[in-house]
Amino acid sequence: MTRPTLGVHLIVRDEAALLPACLKSVAGADEIIIVDTGSEDHSITVAEAYGARVLQYKWDDDFSKARNTGLARATADWILILDADEVLNTPLDRIRQMLTGATAEAFTVSIDNLLGRGAEERLHHRAVRLFRGGQGYRYSGKIHEGIDQAIISRHGTAAIAHSDIRLLHYGYLPEIMLQKNKAARNEKLLRAAVAEHPEDDFYRYNLAVACCQTGQLQEAEELLRRTLNQAPLMVSYRPAMIRDLAKIYLAAGKLNAVNALLARELERYSDYPDLHYLQGQSWESQGLPERAFQAYQHAEALSANPLVQEKYVSEHGITTFRPLNRMGEIALLLGKPEEAARLFHRALQHFALYAPALSGIVTSFQRLAVPDSDIAALLLQLVPGDQPAGRAAIIRALYDADAFEAICGLPGGLIVPKKNTLLQISTAWIVTGEPETALSLIRSGLNQQASGDMSPELLQELRMLEALCLWGQGIPLQNSQLAVLPEGERISWHKLNQLPGLTLQRPAGEGDNAGTLADDPALSLLLTQLIPLAVKLRLIPVAEALAGLSSVHQAELAAALYKAGRLEEAGEHFIELAGDGLAGKRVAFYIAEMLHDKGHYEQAAGWFQQALAVTGQEDAARAGLSVCYLQLAAADLEKVLAGFGEGYPQGPVLEDLAAVKNAITALNRTPWHTSWSRRRLPGGAKP
């Protein structure tokens, strides 16, 4: 049997940076045709270097016309469609073997879309990308063009088969989206397409996706709702519309809408794991962890059917490590750390670098009073510590749990600081009382500034660590250290370095001109970074000296102490701030939490009211306020019952009391309250 020829087709414009990886992945194809729509970089030169035939095409806002320009020149038996930001992960010889004797007219391929740099940040879908050449098939659609209808109209849906061909798509990475301005380009083309074809459901759906990418969630919601009501039940993209609409509802806190949507659609798509997962998230948000656990179980159970992931647009790990991790979190919430540890362990068996599951298993064993050193030993068994990503994952999981001694106790080869672990390892040495070791590591990192290997953000964090480490020993920054700081920051650092009580000595020749430090906006911003970090480093005297500049920064210190689990110290600051009328809205939520935890619900409600006005705290403050009012209502109902005497029969008051207590339980199962992951808080209180 004659071996079929295979051609590869692309549309490109200014893709010189991405083309080499793409074309290298299809080296050996019988024909490569590239339609260039106006490149101003070296795309054409790169394409020709890889043996491609380049066709010049004047772009007119229509992807199908560009695709069809290439198809008109094709000579191969089969045509594989790629984009410049994709690579083929299946060998061409295997594809040719599959095509030899094939009876299908076209094949879908599996596409993994990278959404971020984390291995778990990817979305999976299938699309028709491989079809017979020489049949006159042509693309249709200005954008998100497709050839499916041309094939189906002639041969029916049975002519399209699934394949195990895999592509990796980089184009949704944030840096590429930003560089290419893809979201704005797509939105422009889709708005034009919708204006031209107002009844086209496919265009409206994709416009909704573009609106999501540009943050126009309200318009996206309206488009999805209208399209979902009009689109035929059998269109291939309908399940993805449900998924996207449910995600928008969840982001907007429209839980009743999520429940109504999923209750209806899960009957049609009971094998769509993403919908079960979203249902679990909705139940969790409503304080119904048992129901959420069951929803996640449904998602995880679908892992037994590998075809499910090929059928729908789906998140990576949606049938494995993602639901198992959420089930572990629920087990922790319900006070079942042993079960939680087993679930996190199962999640890590599917994906050993999944950060939420790593943090979860550390927290579970800390709740079980397992020594941090033993937890670290377990992580070394679960995670590939011989790889940089594995070492970083272990160190970060321990760092997030404040297991600093365990970090320092890791095998020597594991804690050789690299760029992605330098901060965590240096912090661990400071906390465990080895400032000189920390300073040596920090300065080695700062010395790489000239090489350009360190990001500005990392350099800033290293500078803050160095300063705090020195100030913790009563040593000021020297003039040589201040001189290398960015000019815009130097004055702020210089002022801090002279702050009374921060160092035991002054830099030579410097006077005390700290003056009105609190009036300096740049310095104030620096302090909001330094104070929480000083608390993290357990350099409380340094944090207090920094916070002494103003009530705003004293509130910053109180909040940092509270979030670090140093409740007694935080409480003292809260009392002082509240007594002086200086607490303000910044720490109102934490004061309210402490009063709530001590059973002072009426006072707590007043502070939650203040916290409602703070951006980012509204939902949690609203939940806390509701709990306080419900607790007050429950107390009133219990007083009423006490007045009736012990013989009061079952009746409305008891029913009301039960309903109020159930509401309190449900609200307290939502994530409104600050939580602490370390083994025990000061004073022996458990988190």
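The values are calculated or read from the model by the stated rules, or taken from the named source; none is laboratory data. Just so it is clear, the structure is predicted and the values come from calculations on it, not from any experiment. Cβ sites come from the backbone with ideal geometry, for glycine too, and all protein chains shown count toward neighbours.
Tabulated data for the structure shown
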item: Hits in the stretch 174-226 (condition: of a type in the set (A, V, I, L, M), buried (at least 20 other Cβ atoms within 10 Å of the Cβ) and within 27 Å of Val258 (Cβ to Cβ)); result: Leu190, Leu207, Ala208, Val209, Ala210, Ala220, Leu223, Leu224
item: Exclusive hit being closer than 15 Å to Lys247 by Cβ, touching a helix residue (DSSP H, G or I) at 6+ places or on another chain (Cβ under 6 Å) and of a type in the set (S, T, N, Q), set Gln218, Gln213; result: Gln213
item: Options Leu348, Leu379, Leu333; residue that is among the hydrophobic types (A, V, I, L, M, F, W, C) and within 17 Å of Ala119 (Cα to Cα); result: Leu348
item: Lone unmet requirement of (1) within 27 Å of His316 (Cα to Cα); (2) in contact with a helix residue (DSSP H, G or I) (Cβ under 9 Å, 6 or more places away or on another chain) for Asp386; result: (2)
item: Matching option when the condition is farther than 21 Å from Asp164 by Cβ, assigned by TED's automatic domain parsing to the domain that holds Phe131 and either touching a Lys or Arg at 6+ places or on another chain (Cβ under 8 Å) or at pLDDT below 95 (or both), among Asp60, Asp77; result: Asp60
item: Which listed residue is within 26 Å of Glu544 (Cβ to Cβ), at pLDDT below 90, buried (at least 18 other Cβ atoms within 10 Å of the Cβ) and not aromatic (Phe, Trp, Tyr), from Ala583, Ala592; result: Ala583
item: Odd one out for Pro91 among (1) touching a strand residue (DSSP E or B) at 6+ places or on another chain (Cβ under 8 Å); (2) surrounded by fewer than 18 Cβ atoms within 10 Å (Cβ to Cβ); (3) farther than 30 Å from Asp274 by Cα; result: (1)
item: Helices (runs of 4 or more DSSP H) completely within the stretch 151-240 that count 2 or more residues being in contact (Cβ under 8 Å) with a residue 60 or more places away in the chain; result: 182-196, 201-213
item: Positions within the stretch 1-23 being over 31 Å from the mean Cα position of the chain (by Cα) and either under 16 Å from Lys180 (Cβ atoms) or in contact (Cβ under 8 Å) with a residue 60 or more places away in the chain (or both), in sequence order; result: Met1, Arg3, Pro4, Thr5, Leu6, Gly7, Val8, His9, Leu10, Ile11
item: Helices (runs of 4 or more DSSP H) lying entirely in the stretch 287-369 (those with 2 or more residues that are modelled with pLDDT of 95 or more); result: 289-301, 321-333, 337-350, 355-367
item: Some residue of the stretch 150-170 being assigned by TED's automatic domain parsing to the domain that holds Asp93, among the acidic types (Asp, Glu) and closer than 27 Å to Arg185 by Cβ; result: no
item: Test: residue in the stretch 76-86 that is assigned to a loop (DSSP other than H, G, I, E, B), under 37 Å from the mean Cα position of the chain (by Cα), at positive phi and among the acidic types (Asp, Glu); result: no
item: Residue satisfying condition, being over 22 Å from Leu6 (Cα atoms) and surrounded by 15 or more Cβ atoms within 10 Å (Cβ to Cβ), within set His169, His125; result: His125
item: Selection status of Ile394, within 23 Å of Asp271 (Cβ to Cβ) and either acidic (Asp, Glu) or surrounded by 22 or more Cβ atoms within 10 Å (Cβ to Cβ) (or both); result: no
item: Elements of type helices (runs of 4 or more DSSP H) in the stretch 387-457, at least 1 residues being of a type in the set (S, T, N, Q) and under 26 Å from Ile475 (Cα atoms); result: 422-431, 435-446
item: Top-ranked residue of the stretch 108-149 - restricted to ones that are among the aliphatic types (A, V, I, L, M) and part of a loop (DSSP other than H, G, I, E, B), ranked as farthest from Asp244 (Cα to Cα); result: Ile147
item: Hits in the stretch 251-274 - residues which are among the aliphatic types (A, V, I, L, M) and buried (at least 18 other Cβ atoms within 10 Å of the Cβ); result: Ala257, Val258, Leu261, Leu262, Leu266
